[in-house]
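Student: Pasting in a structure now, in C-alpha cells, and then I'll have a few things to ask.
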Amino acid sequence: MASIYLASRSPRRRELLAQIGVRFEMLLFREGPRADAETAEDPFPGEHPDDYVRRVARLKAEAAWQRVLLRRGLRRMPVLAADTTVALASEILAKPADAADAARMLRLLSGTRHRVLTAVAVAFEDRLAMRVSESAVTFRPLDEEAIARYVESGEPFDKAGAYAIQGRAGAFATRLEGSYSGVMGLPLFETAELLREFGVTVP
C-alpha cells in the first residue's frame, strides 16, 4: 500500500521517490493553468528566491491536503509537495514561458555559478513541515549555437532555469556543489528525513 500522496506531475520526482523505496499515490491538480490562486507559481514583485521557493512549496502542500479532506473515500496519508527554482543573485529563474525565454535564461546562466533551491513540504492533519536543499551549479560558457540546439531539443521546457541536469544539460555543468537529486527536483536526503518525521518508513 502507498504511504504518502505525491502532489506533483514531475516524472523526475516519481522516479526519485521510487529510488528510495517510498510507495506513493499521485494527487494531482487540474491540467493547464491552475484556477487556484493559492497555488499560483508567479513570483511576487521583489520576492527573494529563498522566500519564493518556500512559499510555493508550502502552498502546494496545503492545497493538496485540502484536496484529501474534500475527496470522500480518500485514505488520509501525508502529502508531499515540492518546488524548485534557479536563482542568479536575487533573480528568480522559474520555468520558461517559451523558446525565447528559455534561450534568455540559458544566456544568463552561461559561464556562471548559480544556486538551485528545492523546498520539500509535507502536510498531514494539522501539521506541515519543510526542508530546503540548496546547491550551487557552475556552467561553462555557452555559445549561441549550443543554446539553440538545446532549446530545439525541447528539454528546457517545464524546467526551472530552463535546464535539466540529468539530461543534455549535464554537459554544461563543470561543477555541482550540494545535492544532485535536489537539482533534479527532489533532494533525497531531506525528503527521507522529513518523511521519517511523519512516521513514513524509508529504507
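The values are calculated or read from the model by the stated rules, or taken from the named source; none is laboratory data. Here the structure is a predicted model, which means the values were calculated and not measured. Cβ placement follows ideal geometry from the backbone for every residue including glycine, while neighbour counts extend to all protein chains displayed.
Student: Could you tell me which of the residues Thr191, Thr174, Thr138 is more than 18 Å from Ser110 (Cβ to Cβ) and either at pLDDT 95 or above or surrounded by 17 or more Cβ atoms within 10 Å (Cβ to Cβ) (or both)?
Tutor: Working: Thr174 fails: more than 18 Å from Ser110 (Cβ to Cβ); Thr138 fails: more than 18 Å from Ser110 (Cβ to Cβ).
On inspection, the qualifying residue turns out to be Thr191.
Student: Would you check if Val132 is buried (at least 17 other Cβ atoms within 10 Å of the Cβ), over 20 Å from the mean Cα position of the chain (by Cα) and not basic (Lys, Arg)?
Tutor: Working: buried (at least 17 other Cβ atoms within 10 Å of the Cβ): yes; over 20 Å from the mean Cα position of the chain (by Cα): no; not basic (Lys, Arg): yes.
So Val132 does not fit the description; no.
Student: Given the structure, is Gly167 out of contact with any helix residue (DSSP H, G or I) (no Cβ under 8 Å at 6 or more places or on another chain), under 22 Å from Ser181 (Cα atoms) and without any contact (Cβ under 8 Å) to a residue 24 or more places away in the chain? Even if it seems obvious, please write down each step before you answer.
Tutor: Values: out of contact with any helix residue (DSSP H, G or I) (no Cβ under 8 Å at 6 or more places or on another chain): yes; under 22 Å from Ser181 (Cα atoms): yes; without any contact (Cβ under 8 Å) to a residue 24 or more places away in the chain: yes.
It is true that Gly167 is out of contact with any helix residue (DSSP H, G or I) (no Cβ under 8 Å at 6 or more places or on another chain), under 22 Å from Ser181 (Cα atoms) and without any contact (Cβ under 8 Å) to a residue 24 or more places away in the chain.
Student: If a residue has to be at pLDDT below 95 and crowded, with 17+ Cβ neighbours inside 10 Å to count, how many in the range 27-59 make the cut?
Tutor: 3
Student: Would the range 89-102 turn up any residue that is in contact with a Leu (Cβ under 6 Å, 6 or more places away or on another chain) and touching a residue at least 24 places away in the same chain (Cβ under 8 Å)? Spell out the reasoning first.
Tutor: Here is the first cut: in the range 89-102, the residues in contact with a Leu (Cβ under 6 Å, 6 or more places away or on another chain) are none.
Checked against the condition, which is being in contact with a Leu (Cβ under 6 Å, 6 or more places away or on another chain) and touching a residue at least 24 places away in the same chain (Cβ under 8 Å), the range 89-102 yields no hits at all.
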